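Presented below is the structure to which this report refers.
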Amino acid sequence: MLKGIDHRLNADVLHALRAMGHGDMLILTDVNFPSDSVARHTTLGRALTMENLSATDAARAILSLLPLDDFVPDFAGRMEVVGDPAALPEVQREVQAEVDRAEGRARPLPGIERFAFYDLAKQAYAVIATGERRFYGCFMFRKGVIAPDA
């Protein structure tokens, strides 16, 4: 246990968050996503887990440390519902609220078509599998920067 760091962040996740650079992507997935096989294509090369957490709880913990990219429109994203890309399932509304809270402003998550999401995930730094059982609990976060002290 460390002071000031969310206890839900395990050592592997903390290492990945610290090692990522500006623009690197982190993929947060539900239990149905093929995390292990997709993660083999990532920079890290293996799936990380936060298996006892919902996507919402995992996102809150991650966003307590991870700055989101301010320079690109795809600072983050959500897997679109097949056949209804504008739909926002409850899990996506919850994670959207966590993004807005972390950012201190509303920043709508762009939708990413399901198979495009799989392809994007293979280009990520890391994939983190959660215990989320609700469908479409899959998200991308792109690491931003922390400005120097003024």
(1) without any contact (Cβ under 8 Å) to a residue 12 or more places away in the chain; (2) of a type outside the set (S, T, N, Q); (3) in contact with a Lys or Arg (Cβ under 8 Å, 6 or more places away or on another chain) all hold for Phe115 apart from (3)
Exactly one of Val91, Val95, Val99 is more than 12 Å from the chain's Cα centre (by Cα), surrounded by 17 or more Cβ atoms within 10 Å (Cβ to Cβ) and either aromatic (Phe, Trp, Tyr) or under 25 Å from Ile5 (Cβ atoms) (or both), and that residue is Val91
Please work out which residue is farthest from the chain's Cα centre (by Cα), limiting yourself to region 141-150 and to residues that are modelled with pLDDT of 95 or more and either surrounded by fewer than 22 Cβ atoms within 10 Å (Cβ to Cβ) or over 21 Å from Glu103 (Cβ atoms) (or both). Val145
What about Asp70, is it in contact (Cβ under 8 Å) with a residue 12 or more places away in the chain, more than 17 Å from Val95 (Cα to Cα), surrounded by fewer than 19 Cβ atoms within 10 Å (Cβ to Cβ) and not polar (S, T, N, Q)? yes
Out of Ala58, Ala76, Ala19, I need the residue that is over 22 Å from Arg101 (Cα atoms), in contact (Cβ under 8 Å) with a residue 24 or more places away in the chain and among the hydrophobic types (A, V, I, L, M, F, W, C). Which one? Ala19
When Tyr136 is evaluated against the numbered criteria (1) exposed (fewer than 15 other Cβ atoms within 10 Å of the Cβ); (2) at positive phi, which criterion, by number, is the only one it fails? (1)
Every residue from region 118-132 that is in a helix (DSSP H, G or I) and among the charged types (D, E, K, R): Asp119, Lys122
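The values are calculated or read from the model by the stated rules, or taken from the named source; none is laboratory data. All of these numbers come straight from a predicted model, not from anything done at the bench. Here Cβ is always computed from backbone atoms with ideal geometry, including for glycine, and neighbour counts include all displayed protein chains.
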